[in-house]
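J.: One structure coming up, written as structure tokens, with questions to follow.
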Amino acid sequence: MDFKNLKVGEKNFVELLVTESDTALAMRSGSLKVLATPKIICLVEEAAANLAEKFLPQEFTSVGTNLNVNHTAPTPIGLKVRAEVELVKVDGRKLIFNVKAFDDAGEIFNGTHERFIVNREKFQAKANSKGGAKI
């Protein structure tokens, strides 16, 4: 399958107003009431997944496979965060994004994120074959 609709240079973003539930303390990734790194990762993955989804046929989706990121500044409760992604490479079914996040004071996060295009049914069947809860 060819995914020619996915073009290098495509961009997307998501925004979040930081609340108590988004903090490192609440997410158990630290002990402070500042935006948790895992929450920023969720925002970046959401932006990248949504971007890919716009251009993929219905039977395909993308899954996150790699993150190489730097969380460079803290963000307190009450500030807005904007996570931005840009598709910088399409290598067959592998998608590579540059990722950044900003709060009202400037950049707080940067790096790269890779996603892989998969067939929804085949991927889900493979996961289900491992056992566990049946949904």
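J.: What is the sum of charges, Lys and Arg at +1 and Asp and Glu at -1, for the other residues whose Cβ falls under 10 Å from the Cβ of Ala52?
T.: 0
J.: Would you kindly calculate the mean projected area, averaged across all directions, of the convex hull enclosing the Cα atoms of region 20-135, in square nanometres?
T.: Orientation-averaged projected area of the Cα hull: 8.7 nm².
J.: So between Ala127 and Asn5, what do we pick up on full extension, going 0.36 nm a residue minus the alpha carbon distance?
T.: That works out to 41.2 nm of additional length.
J.: Still on this structure, I have one more. What does the accessible area per residue of region 3-45 come to in Å², with a 1.4 Å probe and no ligands, DNA or RNA counted?
T.: On a per-residue basis, 59 Å².
J.: Measure nothing but the geometry: give the 0 to 90° angle between the long axis through the Cα atoms of 37-55 and the longest principal axis through the Cα atoms of the chain, rounded to 10°.
T.: Between helix and principal axis, roughly 40 degrees.
J.: Here's a follow-up. Hey, can you grab everything whose amide H is under 5 Å from the amide H of Glu10? Only 5+ residues off in sequence or another chain; H modelled, so Pro and N-termini drop out.
T.: Long-range HN contacts for Glu10: Leu87.
J.: Give the Cα extents of region 1-44 along the principal axes, in whole Å, largest first.
T.: 45, 20, 13
J.: Can you tell me the dipole magnitude for region 14-96 around its Cα centre, using point charges on the Cβ only (Lys, Arg +1; Asp, Glu -1), in Debye to the nearest 20?
T.: With only Lys, Arg, Asp and Glu charged at Cβ, the dipole is about 180 debye.
The values are calculated or read from the model by the stated rules, or taken from the named source; none is laboratory data. Worth saying up front: this structure is predicted, and the values here are computed from it rather than measured. Counting neighbours? That spans all protein chains shown, and the Cβs are built from the backbone with ideal geometry, glycine included. Note: areas computed on protein heavy atoms with side chains; ligands, DNA, RNA excluded. Shrake-Rupley method; radii C 1.70, N 1.55, O 1.52, S 1.80 Å.
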